[in-house]
Every structure is written in C-alpha cells, then in structure tokens.
Amino acid sequence: MNFKEYIEQYRSGIYSMICNYVQMKEPMGHYKITRDYIDRQGSYRRPGLVMLTGQLFGAKPEELMLPAAAQQLSEDWILMQDDLEDDSELRRGKPTLHRLYGVAHTIDASDTGHMAMWKMLKDYMQKVDINKGSRVFDKFYDMLVYTVEGQYIENTFIHDVKDISKADENFYFRIADSKTCYYTVYGPMQIGALAAGADPKVQSALKEIGQPAGVAFQITDDILDLIADEKVFGKRNFGDLYEGKITLMVLHAYKNANSTERAMLDSIYKKRRQEKSREEIDFVYEMIKKYDGIGYAKGIADKYGEQAKANVEKYSDLLPDNEYKDIILSAMQELYVRKK
C-alpha cells in the first residue's frame, strides 16, 4: 500500500469529523461559505501523516481521528486567508473563496474554521490523558505560530521589499521551513507520534526525516506552478510569478541574467499582482527557461528527497517494524514525485 492509498482509507472519516464541528446551521449563508473549502477536500496529506505516524507507533485510528481532523481543518481555514492575501484565482479547481463571496465573508469563514479547530483540540484533551493532550495541543500551537511567522516574512517581501536582489536561497529555505516543512510534513508526523505516546526522542528524528521532505515538496510545488496541468493541479499556472513570490527558479535566473535582464526582472517584481501584464509574466518564465531554472530546482528537490529517504533508514531503529514503516517511506517520496 502506498501513501495515497493509505489516505483514502481515512478520508471520509476525517471529513465527517470536520463536518460534525462545522455544521450547516443558521445563519445558513455563513456556514455555506465556511464549508466551501472543507467540502472541496484537498489532498489530505497532512492528516494522513498524523494518522500514519500515529499508527506506526501503535495508536488506533479512533485515537487519531480528532487531531487528524484538526490538522485538515487548519489547512482549510489557513488557505482562505492565504488565497485572500495572494489574491489567488483558483483553489482545488474552483474560484477562490474571496472571489466568490468577497473579503469580509471570507475572513468570517476563516475565523469560524479557526475556532472550530481549537474546539477539536480542546475536546481531544478531555478525551485522553491530560499530559498527552497538552503535548498535542502545544505542538499545534508551536507549529501554527511558526507557520504564521513564515507567512509574515514572505508577505513582507512581496508587499514591502519587492527586490529580488535582497533575497537569496537562505531566505527561500527559511520560508519553506516554516510554511511547508514544519506545517506540512514533520509537524503532522510529530503530532501523530505524540498522540501515540511515542518516546520523546522520536520527535527530533521525525524532524530530521520530515524537514528535507518538506523542502522537496515546496520546490516541487513551485515547479508545478509553472508547468502543471491546471485541471490536475487545481490552481492557475504562474500564480507565484504574479504574486511576486521568491522561488529557487527565479533566484537562479536572476543570478545568471545579464544586467538588462536583471533590470527587467526588477521592474516586474516591483509591481503589484494587478499591475503585471501577461507579457511581463511570460518574460520571467522565459528567463527561467533560458537559464534552466526548472532543471536547477529539480536537482535540489531530488537531493532533499533522497536525504529524507536516507534519514528514514538512518533512524530506522527508532521506527517500529510494522506495515506502516514502508508507507512512511512511500509518503516521503510522494511528497515530491507528484503532479498536484
């Protein structure tokens, strides 16, 4: 069984749990908006990692369902804000929430999802041993705070700095670590292990496994933003370029560009999303292709993906030998070998 197949075993249960906490009720219009992203359902990778790692360390599925559902709901409400901040057009193959319902209703919907997530975690704490529940709660808090810090750093660049020369690969990896590595990979894995009552020393090993896998995931996401089939990817191509985000591909192209090309890239990145023409976006893409930014980024993604695989082997003695161990390895590979 691979990771995708594993996720599908628990998708409906996780979704139903979320719906129990975000029910359709009055005012019906508000809850219709709040349920929109929830009902679209995403990849469920993050709750899948909570369930998988928890089971790896001996927890039963029913013991993991609440923290897994809270993990997925956190993604749903965060994406409402993320899409609004980026003025994104598509999410999961449909128009983004703020484009359908407006800014105010989107903020209200995100707030409701946020509050429901903490209610899930409070209920979880009451169902299990208080020490275990507190550790899971604290891990959620730490993970989400770090995620927001990464969002702030990225937004500061996009909206205030707007200068590629002020960014480098260390800057890129700092954002990826908080917005992707922790939140998408090793945070959910650590939550699953905590819910299973695993030895505390496992936490650092899971970070060593999940951190490079998260980098590989983010780089792959950046590449797919340029080349993926929009119907499969569920988002518009070139969204990162319109939004003015820094990627390894842009940094590589900028580093190798001549002075005239750099000046053009600078002028484009200083503009807001709404001010950028398709011709300007095409120019950025042409620079990426000219200097093989995609090949460069893919090489780095492969390196980090292989590191994650190697770290699974490195910490093999800390991982129980059961059916879930191989799926963990599959999960780390599938994070960067994907089409969406």
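The values are calculated or read from the model by the stated rules, or taken from the named source; none is laboratory data. Remember, predicted model here, so these are calculated numbers, not experimental data. So basically every Cβ, Gly included, is an ideal-geometry build from the backbone, and we count neighbours across all protein chains shown.
Can you say whether Ser88 is of a type in the set (S, T, N, Q), surrounded by 16 or more Cβ atoms within 10 Å (Cβ to Cβ), under 25 Å from Met189 (Cβ atoms) and in contact with a helix residue (DSSP H, G or I) (Cβ under 7 Å, 6 or more places away or on another chain), as far as the supplied structure shows?
No.
Looking at (1) out of contact with any helix residue (DSSP H, G or I) (no Cβ under 6 Å at 6 or more places or on another chain); (2) farther than 23 Å from Ser330 by Cβ; (3) of a type in the set (A, V, I, L, M, F, W, C); (4) crowded, with 18+ Cβ neighbours inside 10 Å, which is the only condition Ala228 fails?
Every condition holds for Ala228 apart from (2).
Which residues, counting only those in region 162-180, are surrounded by 17 or more Cβ atoms within 10 Å (Cβ to Cβ) and either under 18 Å from Leu265 (Cα atoms) or touching a strand residue (DSSP E or B) at 6+ places or on another chain (Cβ under 7 Å) (or both)?
Ile164, Ala167, Tyr172
Here's a check for you: in region 129-143, which residue that is crowded, with 18+ Cβ neighbours inside 10 Å and not aromatic (Phe, Trp, Tyr) is farthest from Thr34 (Cα to Cα)?
Arg135
When you check Glu243 against the structure, is it in contact with a strand residue (DSSP E or B) (Cβ under 8 Å, 6 or more places away or on another chain) and either within 21 Å of Met143 (Cβ to Cβ) or of a type outside the set (Val, Ile, Thr) (or both), yes or no?
When the stated conditions are applied, Glu243 does not pass them.
Which condition from (1) modelled with pLDDT of 95 or more; (2) in contact with a strand residue (DSSP E or B) (Cβ under 8 Å, 6 or more places away or on another chain) is the one that Tyr21 breaks?
It is condition (2) that Tyr21 fails.
Does region 153-209 hold any residues that are among the small types (Gly, Ala, Ser), under 16 Å from Val136 (Cα atoms) and not in a helix (DSSP H, G or I), and which are they?
Residues satisfying the conditions are Ala196, Gly197, Ala198.
Exactly one of these conditions fails for Asp82: (1) crowded, with 22+ Cβ neighbours inside 10 Å; (2) closer than 16 Å to Ser43 by Cβ. Give me its number.
(1)
Return the total of residues in region 231-264 being buried (at least 21 other Cβ atoms within 10 Å of the Cβ) and of a type in the set (A, V, I, L, M).
So the count comes out to 6.
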